[in-house]
Amino acid sequence: MGDKTTASEQHSREETADLLQALASQLRGEGTADVTVGNKVVTLTPSETVEYEITVEERSPMLGRRREEISISLEWGVETES
């Protein structure tokens with residue numbers, strides 16, 4: 001069974017960009033990547049090849065205002081030591 005850690009927070013555009021840049025910095029280079037999820041740090045082991053998926057959803061309002069959402073998914077296989 002796998003572990004799943006999630007967090008949902010609101011930030012300014014500037015803070016959100018900083019969080020995305022921090023994630024990108026961790027993915028660069030070699031070795032592990034320490035990713036902050038809420039108040040927890042998860043250490044990941046990205047491979048050289050990463051599956052990247054981006055989805056943009058634009059929703060018309062039924063009530064209230066129009067909404068837009070971006071979902072980004074990154075996935076890779078983890079090498080196991082023998």
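The values are calculated or read from the model by the stated rules, or taken from the named source; none is laboratory data. Model, not experiment: these values are computed from the prediction. Counting neighbours? That spans all protein chains shown, and the Cβs are built from the backbone with ideal geometry, glycine included. What goes into the accessible areas is simple: the full protein's heavy atoms, side chains included, and nothing from ligands, DNA or RNA. Shrake-Rupley method; radii C 1.70, N 1.55, O 1.52, S 1.80 Å.
Observations, loosely collected:
- Residue-wise HN-Hα couplings along the range 36-42, as the Karplus relation 6.51 cos²θ - 1.76 cosθ + 1.60 with θ = phi - 60° gives them from phi, are 7, 10, x, 9, 10, 10, 10 Hz; Gly and Pro carry x.
- Percent accessible area from carbon and sulfur atoms, the chain, protein chains only, probe 1.4 Å: 47 percent
- Take every Cα pair under 8 Å whose residues are at least 6 apart in sequence, average their separation, divide by the length of the chain, and the relative contact order is 21 percent.
- Extension gain, D18 to L44: 0.36 nm times the residue separation minus the Cα-Cα distance gives 7.4 nm.
- 19 Å tail of the calculated P(r), the chain, as % of Cα pairs: 52 percent
- Residue-normalised accessible area of the chain, expressed per residue, 1.4 Å probe, Å²: 97 Å²
- Model label points for A7 and E53, set 7 angstrom from Cα along the Cα-to-Cβ axis, are 2.4 nm apart.
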